[in-house]
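S.K.: Take this structure first; my questions come after.
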Amino acid sequence: MRHHRAPSPARRPRMTTRSSLTLPALLLTLTVACGLTACSSSSKMPAPPGSSGSAAGADSYQQVIDDAPVAAASDIPAGSLMAKIKARGTLNVGGTDAAALFALKDPVSGKVTGFDAGLADMLAKYIIGKPSTNRVQIDVTTREVLLQNGTVDSVLATYTITPARAQKVGFAGPYYSSGDAILVKSSDTAITKPSDLNGKSVCTETSSTAANDIKQFAPSAKVVLFQTNAECQQAVEQGRTDAYVLDQALLLGDAARDKNVKVVGQPFTDEPYGIGVPLSSPEMKTFVDNWLKLIESDGEWARLWKATIGTELSGDAPTPPVVGSAAGS
């Protein structure tokens, strides 16, 4: 796949070194980094990606977007969804603006930044030539519907790939791997592992894969469902539920900005994140898969990780999952 890059003055050397950390080792790094940065002892919001809070040596968030590649015209066939997006001049992307490290809205500037938000901007630039996105707010109950009815061209929102979901939407990727973990009150010392959830009230998001995981690992837990991450976090903080189970990457973001909650133990599932695309547009899935391979091989994926997730976690960027490796991708 041919591509070119938009001019960018004084571009910094790209980060090409990748860690070969195994998942357990990476998760240990996450836990240690969380402790060192006191992620559960401060109520302040994390510094926006690319600010003075960025990891040492990381490119700024905007620099990564500015340096992102642009597809050659020959890579966008006439009549394809990509051609329609390019003609429209905007990528309609389903996402959120309340997920720290992945897609968080700055209350002052209104700009949404993070790993998922950055990938959306980079994909838009690859197709259109500029990072022009129209962000449509979604939740776990509307993702498939908005892809199916054409409201959005893609969904980038820590969207776990499953064979069941792949019957309704196409999945490019996976582009990132996380796993279910447990969030509790900072004062809680009774819950440290999945089996401790038995007999407890445990919340998660409606239609999340975590609901089934809770039943599998803690059969006697009482599962309580809420629509959003914020509602689940508040339920724990207010004592309405004992714990909250969801992807560790999201829970770490919650704990980083709220001193009243903490993440305990290690992830106990494997959650491969994919980019949702319309099932009726297989050419879009192939196109996005090839784009992911490109930005992973040339170091752009690692640079974006360092400018977003890497602002809270120490060490090199992890090796991304192999595109097409998840059941349903």
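S.K.: How big is the charge dipole of region 126-278 about its Cα centre, in debye rounded to the nearest 20, if each Lys and Arg gets +1 on its Cβ and each Asp and Glu gets -1 on its Cβ? Present the calculation step by step, with values, prior to reporting the outcome.
M.R.: Values: 14 positive and 16 negative charges, 23 e Å.
Its charge dipole is roughly 120 debye.
S.K.: Which one of A211, G239, I182 is farthest out on the positive end of the charge dipole of region 180-264, using unit charges on Cβ (Lys, Arg +1; Asp, Glu -1) and the Cα centre as origin?
M.R.: Checking the options against the dipole of region 180-264, the answer is G239.
S.K.: While we're on this one: Show the residues, 5+ positions off or on another chain, whose built amide H is closer than 5 Å to the amide H of L246.
M.R.: It is A181, L183, by chain and number.
S.K.: Explain nothing, just the number: dipole magnitude of region 180-264 about its Cα centre with +1 on each Lys and Arg Cβ and -1 on each Asp and Glu Cβ, in debye rounded to the nearest 20.
M.R.: Values: 9 positive and 11 negative charges, 42 e Å.
Here the size comes out at about 200 debye.
S.K.: Follow-up. If each residue of separation counts as 0.36 nm, what is the full-extension length gain between T228 and S80 once their alpha-carbon separation is subtracted? Can you show the working numbers first?
M.R.: On the way: separation 148, 0.36 × 148 = 53.28 nm, distance 3.38 nm.
That works out to 49.9 nm of additional length.
S.K.: Projected onto the charge dipole of region 180-264 (+1 at Lys/Arg Cβ, -1 at Asp/Glu Cβ, origin at the Cα centre), which of L251, V202, I191 gives the Cα projection farthest towards the positive end?
M.R.: The residue sitting most towards the positive pole is I191.
S.K.: Another question, then. Once each part is reduced to its C-alpha centroid, what is the distance from region 101-139 to region 283-329 in angstrom?
M.R.: 16
S.K.: How large is log10 I(q)/I(0) at q = 0.12, 0.19 Å⁻¹ when the Debye formula is applied to the Cα atoms of region 150-232, each weighted equally and without solvent?
M.R.: Taken in order of the listed q values, log10 I(q)/I(0) reads -0.45, -0.96.
S.K.: Give K125/K306; K111/K293; K84/K293; K262/K285 a once-over and call out the pairs whose C-alpha atoms are over 29 Å from each other.
M.R.: Numbers: K125/K306 20 Å; K111/K293 27 Å; K84/K293 23 Å; K262/K285 37 Å.
Those over the limit are K262/K285.
S.K.: Taking amide hydrogens as modeled 1.01 Å from N in the peptide plane, which residues meet the under 5 Å criterion relative to S177, leaving out close sequence neighbours?
M.R.: So S177 has HN proximity to Y273.
S.K.: Between T90 and D298, what length comes free when the chain is fully extended (0.36 nm per residue of separation minus the Cα-Cα distance, one decimal in nm)?
M.R.: Working: separation 208, 0.36 × 208 = 74.88 nm, distance 2.50 nm.
Residue separation times 0.36 nm, minus the Cα-Cα distance, leaves 72.4 nm.
S.K.: Give me T228, T162 ranked fewest to most by other Cβ atoms within 10 Å of their Cβ, as a rough exposure proxy.
M.R.: Lowest count first: T228, T162.
S.K.: Quick check for me: using +1 on Lys/Arg Cβ and -1 on Asp/Glu Cβ, what's the dipole size of region 139-186 about its Cα centre, in debye to the nearest 20?
M.R.: On the way: 4 positive and 4 negative charges, 21 e Å.
Value, rounded to 20: 100 debye.
S.K.: Within region 180-264, what percent of beta bridges assigned by DSSP are antiparallel, to the nearest 5? Mind dumping the intermediate values first?
M.R.: Values: 8 of 15 bridges.
Percentage antiparallel, nearest 5: 55.
S.K.: Separation between the A73 and T319 pseudo-spin-labels, each 7 Å from Cα along Cα→Cβ, expressed in nm?
M.R.: Each label point lies 7 Å from its Cα, and together they span 4.0 nm.
None of the figures in this text is laboratory data; all of them are computed from the coordinates on show. What you see is a predicted model, and the numbers here were worked out from it, not measured in a lab. All Cβ positions, glycine included, derive from the backbone under ideal geometry; neighbour counts span all protein chains shown.
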